[in-house]
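**Q** After the structure tokens below, expect a handful of questions from me.
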Amino acid sequence: MLPSTFVIPCRVARRYRGVVDIYIYSLLGGNVDLDPWSVTSNTVDQDTVERAVPFLANFTKLERVFVGGFETSKGLCVGFLQSFYDVEEVEKVRFLINSICGAFRSGSLSNKLCVFGLVAVARGDEEVCQTSLNVLRSFPFESIVNMGYCHSSSSGEKQTLDSIECCWMDHGLYHMDIDINSQDSRIYYMQERPGGVEFLERYYNSHEMLYNHISTVPRITIITEEGNELYVLKVEEIRLKRIEIIIKGSVDVTKLPSAEVTHAIKRAFAEDDRDPIPPREQCYLAQSMFYALKEMGFQIDELDFLNRDEYDGTRMKTNLPVDQVRDYNFHYHWRFY
């Protein structure tokens, strides 16, 4: 983890070639003031912009890099929140993103690297964001398919601000966002690249995109009176619509293995896509999310998600043993709606 400034010589960095994660907190010069009237006081550190790529190029096994800083209200780690910066500061971030693009194309950065915390936005006179196009032409395919749209209600910036304002929202680090929303446009530019067509065929045929939308549902954290930490999944309407669009394309969800769908849902309980799933007794699936997926045709079973405090004979309206109850039309009281 690199604090407000970093001056690590390359000869020292080379001793740690096995490093897979790096967190750079010096991009956002000082702490980010989220007061809308303080936009002009927020700055991007030019030194970090210039040094970041040459520094990262020393780590050949790098899998993840986060670039950002901290906000002032709660001291939480945040990525670049472009709405709180002047045009000149946003331009510095464009320079950094384009530098990363060049490093990917030259082979200086690992093709397994995912970048977190940055956002590419169009200049005022651009019909199409040129920085975003550069990203689509340069970044690893596996990274691009996880990128969001910077102006959407589910953008990294929006989720970051929600988690700061609402104590129950999980605070996380988000994949890079770009300023191209059209999926067709993204696919077009990916297909232009060597290996792009083959990657997309594998991606769609494996239903990875569908599972990714399910497994990245934002989780809600609840602290009980006893001090226990619980996690709740409740899918937002916009994500349900995206899942519906994917399904209408060419996916017969009734034929998807139940175990794969269940695993994708449970992955969303983990804090990070590489972290283990928390113990079952900490994980709760909201009734609304379960029934929404069920109505779409997903072959999922209540008993794969229910905890012991969520059912009894009365609530399930049946005297059958728990392991024999397989009809989702038996309505019971879910703790979280």
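**Q** Do we have any residue at all in segment 140-155 that's of a type in the set (D, E, K, R) and crowded, with 16+ Cβ neighbours inside 10 Å? I'd like the intermediate steps shown before the answer.
**A** First, pick out the residues of segment 140-155 that are of a type in the set (D, E, K, R): 142.
Retained after the next criterion (residues that are crowded, with 16+ Cβ neighbours inside 10 Å): none.
The answer is no; no qualifying residue exists.
**Q** Further, regarding this structure: Tell me which of these S182 doesn't satisfy, since it passes every other one: (1) of a type in the set (G, A, S); (2) modelled with pLDDT of 90 or more; (3) within 27 Å of I245 (Cα to Cα).
**A** (2)
**Q** Shifting gears a bit: Taking segment 265-286, which residues are open to solvent by 30 Å² or more (accessible area, probe 1.4 Å) and in a helix (DSSP H, G or I)?
**A** The answer is K266, R267, R280, E281, Q282.
**Q** If you go through segment 12-28 one residue at a time, how many are open to solvent by 30 Å² or more (accessible area, probe 1.4 Å) and at pLDDT below 80?
**A** Residues flagged as open to solvent by 30 Å² or more (accessible area, probe 1.4 Å) and at pLDDT below 80 within segment 12-28 amount to 5.
**Q** Moving on. Using the structure shown, decide if E192 is over 23 Å from the mean Cα position of the chain (by Cα) and open to solvent by 20 Å² or more (accessible area, probe 1.4 Å).
**A** yes
**Q** Kindly indicate which of E192, E157, E142 is among the acidic types (D, E) and within 30 Å of T72 (Cα to Cα).
**A** When all the criteria are applied, what remains is E157.
**Q** Just for segment 232-242: of the residues that are open to solvent by 80 Å² or more (accessible area, probe 1.4 Å) and part of a helix (DSSP H, G or I), which one is modelled with the highest pLDDT?
**A** Only one residue fits best here, namely K241.
**Q** Among what's in segment 37-74 and is acidic (D, E) and not in a strand (DSSP E or B), pick the residue that is farthest from S99 (Cα to Cα). Step through it out loud before you land on a result.
**A** Of segment 37-74, the ones acidic (D, E) are 45, 47, 50, 63, 71.
Keeping just the survivors that are not in a strand (DSSP E or B) gives 45, 47, 50, 63.
On the way: D45: 15, D47: 14, E50: 9, E63: 18 Å.
Among those that are acidic (D, E) and not in a strand (DSSP E or B), it is E63.
**Q** S99 - would you say it is polar (S, T, N, Q), more than 16 Å from I22 (Cα to Cα), assigned to a loop (DSSP other than H, G, I, E, B) and open to solvent by 10 Å² or more (accessible area, probe 1.4 Å)?
**A** So S99 fails the test.
**Q** Can you find even one residue in segment 243-264 that is in a helix (DSSP H, G or I), more than 14 Å from H213 (Cβ to Cβ) and of a type in the set (D, E)?
**A** No, there is no match, as no residue in segment 243-264 is in a helix (DSSP H, G or I), more than 14 Å from H213 (Cβ to Cβ) and of a type in the set (D, E).
**Q** Let me ask something additional. Which residue is modelled with the lowest pLDDT, if the candidates are limited to segment 288-298 and must be more than 23 Å from the chain's Cα centre (by Cα) and open to solvent by 20 Å² or more (accessible area, probe 1.4 Å)?
**A** The extreme case among them is Y291.
**Q** Same structure again: Given the criteria under 24 Å from Y23 (Cβ atoms) and touching a Gly at 6+ places or on another chain (Cβ under 6 Å), does D162 qualify?
**A** Working: under 24 Å from Y23 (Cβ atoms): yes; touching a Gly at 6+ places or on another chain (Cβ under 6 Å): no.
Spelling it out, it is not the case that D162 is under 24 Å from Y23 (Cβ atoms) and touching a Gly at 6+ places or on another chain (Cβ under 6 Å).
**Q** If only one of S182, S250, S258 is open to solvent by 80 Å² or more (accessible area, probe 1.4 Å) and among the hydroxyl-bearing types (S, T, Y), which one is it?
**A** S250
**Q** Sticking with this structure for a sec: Which of the residues spanning segment 60-96 are over 16 Å from D179 (Cα atoms), of a type in the set (V, I, T) and open to solvent by 50 Å² or more (accessible area, probe 1.4 Å)?
**A** Of everything in segment 60-96, those that are over 16 Å from D179 (Cα atoms), of a type in the set (V, I, T) and open to solvent by 50 Å² or more (accessible area, probe 1.4 Å) turn out to be T60, T72.
**Q** Please verify whether L320 is part of a loop (DSSP other than H, G, I, E, B) and at pLDDT below 90, treating the condition exactly as stated.
**A** yes
**Q** Enumerate the pairs (first residue in segment 18-47 and touching a residue at least 60 places away in the same chain (Cβ under 8 Å); second residue anywhere and assigned to a strand (DSSP E or B) and not hydrophobic (A, V, I, L, M, F, W, C)) with beta-carbon separation below 6 Å, excluding pairs fewer than 6 apart on the same chain, so at least 6 apart or on different chains.
**A** Here the result reads L27/G69; L34/E71, each pair linking segment 18-47 to a residue that is assigned to a strand (DSSP E or B) and not hydrophobic (A, V, I, L, M, F, W, C).
The values are calculated or read from the model by the stated rules, or taken from the named source; none is laboratory data. Quantities reported herein were computed from a predicted structural model and do not represent experimental measurements. Neighbour counts are summed over all protein chains in view; Cβ atoms, including those assigned to glycine, are modelled from backbone coordinates with ideal geometry. Note: areas computed on protein heavy atoms with side chains; ligands, DNA, RNA excluded. Shrake-Rupley method; radii C 1.70, N 1.55, O 1.52, S 1.80 Å.
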